[in-house]
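Worksheet: the structure to be examined is printed underneath.
The values are calculated or read from the model by the stated rules, or taken from the named source; none is laboratory data. Small disclaimer: the values here were computed from a predicted structure and weren't measured. Here the Cβ positions follow ideal geometry from the backbone for every residue, glycine too, while neighbour counts run over all protein chains shown.
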Amino acid sequence: MQMPHTSVLDPHSPQAQSIARLFYIDLSIAAVIFLLVTGLVAFAAWRFRARPGDPEPYQESGVRWLEALWTAIPSLILLVLLVLTAKTMLEVNPPVGKRKPDVTVVAHQWWWEYRYGDPAAVAANELHMPLGENWLLLISSADVIHDFWVPDLGAKMDAIPGHPGYLWIQPRQAGTFLGTCAEYCGTDHATMGIRVVVESPADFAAWRQHQARAPVPPSDAAGIRGGRLFAARTCRNCHSIAGTDAHGRVGPDLGHLGERATLAAGVLTNTPDQLRRWLLDPQHFKPGCHMPDAGLTDAEARDLASYLEGLR
Amino acid sequence: MSDPRATGGVATSLAQIPEYRGLLSWLSSIDHKQIGILYIASAVLFLLVGVAEAVLMRIQLMWPGNHFMSPGTYNQIFTMHGTTMVFLMAMPLLFGFSVYLVPLMIGARDMAFPRLNAAGYWLYLFGALMLYFSFMAGGAPAAGWFSYAPLTEGGYSFGPGIDYWALSLLVMGAGSVATAINLVVTVLTLRTPGMSLRRLPLFVWMTFVNSFLVILALPALNAALVMILADRQLNTHFFAPEHGGSALLWQNYFWVFGHPEVYILVLPAFGVISEVIPVFSRKVIYGYGFLASSTVAIAFLSFGVWVHHMFATGLSFAALYVFAASSMLIAVPTGIKIFNWIATMWGGSIRFTTAMMFATAFLIQFTAGGLSGVTFAAIPIDWQLTDSYFVVAHIHYVLLGGTLFGMFAGIYYWFPKITGRLLSERLGRLQFWLLVIGFNGTFAGMHVLGVLGMPRRAYTYPDRPPLGLLHLISSSFAILLALGLVLLVVNVIVSLRRGAVAGDDPWGGWTLEWATTSPPPPDNFERVPPVRSRRPLWDLAHAPPAVRDAGRAEGGGHD
């Protein structure tokens, strides 16, 4: 799978840009201070190392003004940094006021749910956003504390149950951006990838209209067998598919699954064959995840994969 | 070996002191020196355990998608690594030095409450053993060393690991508070005549201030531990949001303890550095009053910065501004100490013993850790880098490159006092270079990993160059780091058997512990030299001959 480059210093939103600028300033100050300290220590270590016949050194116990000076200078530097910090905070994540969030992010152990407002649509593990619009994300959690972090797009925000957080993101380049859960959240914390797809407003509008419609099930024989299997097994206790009686919210929504790039929050590339392998043994690919081994035969897994991948 | 004192000689090793012979003398001891040694030895043992856990983690992370460990195992290992290094290694190591040295440095015969001192150690040891028993009792805790709720609630952590974690920390926490009270009372009541608070050695000053931090900070943790245990065992809902509890409440409790805890782990190392650098530079400490008072400032401020661990939780800007300001403010009294230590070296005649080399490396590495710390006080940068490998690098620069290097300086400096034998300087230098290269090679690149989006506490990571390369480099250098740490044990064993006899004052130290024999007799001093300044032994050495002889006669000693 092609992995896009990800870096705090490769900003693709004004928010990330502001943070990167502050980071560069901070790094520059830190570099100067570090070189100064290292230089002084190295010079002292070389110049004042003991030599045979050294006289007793002069017992200098302190000079007030010098100590006051090296207290004052760092204080001033930090004051400047504090002002820049406050300014950048307002640029990056200003108070929300009465603005309604554009999308609600619900973190789960160990996947992401995205709920869009009017027209209502739900997506899993892949967040679609329109290019250039300054969006407000509501970050929440269905279980433990998680954290939504896409370095290229800016700040992270904890997803805390009972304590919603807000995050502004204005993507300014189309493409796919990767992130991950940043707050340790249990067994599969490491495999809780975030995938943000930024597309032109027109493409985004089309995607959203499509997403809001109940998916059309496949009409081929394998797909139809798979659909029956889905309804007969326990899948719907945890998963939902619009237009069916599957309304579970423990696992990801599976409507339009075939249009996603990955499976299991970034663990596998999404192909029918990978889905078949995943269905046969989810614990192999994501040990400890909440999806049990459903005891499917290989043929059943193949049919189920045909059905799910065929939902369009 | 017979008692050398019977024939007028002086003990040159612990084995020659009859009171210290036999296992029972150690198990039942209320001698602060034996208890100090027990603390330090246990801490070094758990250091090796923690290092072994770190090595396992570095093997798992050597390349993307490695299957060396399952995620469940990895999560237990990183939780135990953090908990071990903070609570089972660093704190007891610092307590060990404190209870060993404080009575000697203030000219006392023992701690104020010797039995309480012993109780503190045994509470620690059994608390520590209880934590490790969890591996055999159904699984170790796996929620990280700060165990955020509600992951620790019964509905998410099924096994008994969290219960063991909370109980053992509670037991050790009670011991820590007892020991801290003991240290405060000892410093306040048992100083030898002439030893005013303004003449206390800086190590004692730092320990004194530190003890207040322990007394005030640990109860917040202990209270939170009781609450999580009640949540898990009695179905209360302190931290369960679905029943009206608060997940954030745990974080507030934990960091009200946890941030002072960081200073609890650093201040004694400051104390060690403040003793080692003057002695090996042959100069008086620069700005004694400044170093002591800035430590008091740190202690006060450290209770007002805890929210900087929670900048990404979506708190109001009003709270964020206050805690950004306090977090930057605390950098001032911490950072400027570095300049005092450099000024102490300036114009001196520096002998680069192993202890001094560790102290010098401390200055540079701790500065790096402090600067990356200030980066987190700039809140928007924290919003990007918190919970990433940048934090992992930061805490290790502060606690390993800082605290542990400082404590290594202390180990090389006071080992001859404690055991009567010098540690091998040759092995010491080898160990120093292994640690400096291993440490920086392991952790410097982690700053970059964090900037590239690598989250902490992940058992694996996507195959996205250069993450794999940076992890491989880190893991490779970790081998050197681990070897360097194991070499300490080798050096201790070799030097205890074959080390050069130290004598009373092998380094030309100036504080009272160097006025007695190495190792000191069970009652510490035959007579305590007069204290007329911060450096009683310097005064003795620099007094006119007549005064010096009078001082010797007055102060005694064994010559």
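What the table shows:
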{"item": "Matching residues, region B:278-323, being of a type in the set (Val, Ile, Thr) and facing chain A (nearest Cβ under 10 Å)", "result": "B:VAL284, B:ILE285, B:THR313"}
{"item": "A:GLY97, sole failed condition from (1) of a type in the set (Gly, Ala, Ser); (2) closer than 24 Å to A:SER18 by Cβ; (3) in a helix (DSSP H, G or I)", "result": "(3)"}
{"item": "Residue match in region A:264-272 (condition: of a type outside the set (Val, Ile, Thr), surrounded by fewer than 19 Cβ atoms within 10 Å (Cβ to Cβ) and in contact (Cβ under 8 Å) with a residue 60 or more places away in the chain)", "result": "no"}
{"item": "Enumeration of residues in region B:203-224 that are surrounded by fewer than 24 Cβ atoms within 10 Å (Cβ to Cβ) and of a type in the set (S, T, N, Q)", "result": "B:ASN222"}
{"item": "Hey, A:PRO151 at pLDDT below 95 and at the interface with chain B (Cβ under 8 Å from one of its Cβ atoms) or not", "result": "no"}
{"item": "Top-ranked residue of region A:154-178 - restricted to ones that are more than 7 Å from chain B (Cβ to nearest Cβ) and not in a loop (DSSP other than H, G, I, E, B), ranked as nearest to B:ALA458 (Cα to Cα)", "result": "A:LEU178"}
{"item": "Members of region A:126-153 found to be under 14 Å from the mean Cα position of the chain (by Cα) and not in a strand (DSSP E or B), listed by number", "result": "A:ILE145, A:VAL150, A:PRO151, A:ASP152, A:LEU153"}
{"item": "All positions within region B:461-502 that are within 12 Å of chain A (Cβ to nearest Cβ), part of a loop (DSSP other than H, G, I, E, B) and surrounded by 18 or more Cβ atoms within 10 Å (Cβ to Cβ)", "result": "B:TYR461, B:PRO462, B:ARG464"}
{"item": "Single residue of region A:289-312 satisfying the filter (assigned to a loop (DSSP other than H, G, I, E, B) and within 13 Å of A:ILE241 (Cβ to Cβ)) that is modelled with the lowest pLDDT", "result": "A:ARG312"}
{"item": "Subset tally (residues that are facing chain A (nearest Cβ under 7 Å) and over 17 Å from A:ASP147 (Cα atoms)) for region B:435-460", "result": "1"}
{"item": "Test: residue in region B:185-196 that is closer than 25 Å to B:SER25 by Cβ and in contact with a Gly (Cβ under 6 Å, 6 or more places away or on another chain)", "result": "no"}
{"item": "Those residues of region A:140-152 which are surrounded by 24 or more Cβ atoms within 10 Å (Cβ to Cβ) and under 17 Å from A:GLU113 (Cβ atoms), in sequence order", "result": "A:SER141, A:VAL144, A:ILE145, A:HIS146, A:ASP147, A:PHE148, A:TRP149, A:VAL150"}
{"item": "Enumeration of residues in region A:86-111 that are within 13 Å of another protein chain (Cβ to nearest Cβ) and more than 12 Å from A:LEU167 (Cβ to Cβ)", "result": "A:ALA86, A:LYS87, A:THR88, A:MET89, A:LEU90, A:GLU91, A:PRO95, A:GLY97, A:ALA107, A:HIS108, A:GLN109, A:TRP110"}
{"item": "Matching option when the condition is assigned to a helix (DSSP H, G or I), facing chain B (nearest Cβ under 8 Å), within 30 Å of A:ALA265 (Cβ to Cβ) and not hydrophobic (A, V, I, L, M, F, W, C), among A:SER18, A:SER75", "result": "A:SER18"}
{"item": "Scope region B:425-470; condition of a type in the set (D, E, K, R) and in contact (Cβ under 8 Å) with a residue 40 or more places away in the chain; matching residues", "result": "B:GLU425, B:ARG429, B:ARG456, B:ARG457, B:ASP463, B:ARG464"}
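Yes/no per residue for (1) closer than 30 Å to A:VAL197 by Cβ; (2) of a type outside the set (Ser, Thr, Tyr); (3) within 37 Å of the chain's Cα centre (by Cα):
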site	(1), (2), (3)
A:HIS5	yes, yes, yes
A:VAL8	yes, yes, yes
A:HIS12	yes, yes, yes
A:ALA20	yes, yes, yes
A:TYR24	yes, no, yes
A:ILE29	no, yes, yes
A:VAL63	no, yes, no
A:GLU67	no, yes, no
A:THR71	no, no, no
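For every residue, the table says whether it meets (1) touching a strand residue (DSSP E or B) at 6+ places or on another chain (Cβ under 6 Å); (2) farther than 21 Å from A:ARG302 by Cα.
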| position | (1), (2) |
| --- | --- |
| A:CYS181 | yes, yes |
| A:CYS185 | yes, yes |
| A:MET192 | yes, yes |
| A:ALA202 | no, yes |
| A:ARG225 | no, no |
| A:ILE241 | no, no |
| A:LEU254 | yes, no |
| A:LEU257 | no, no |
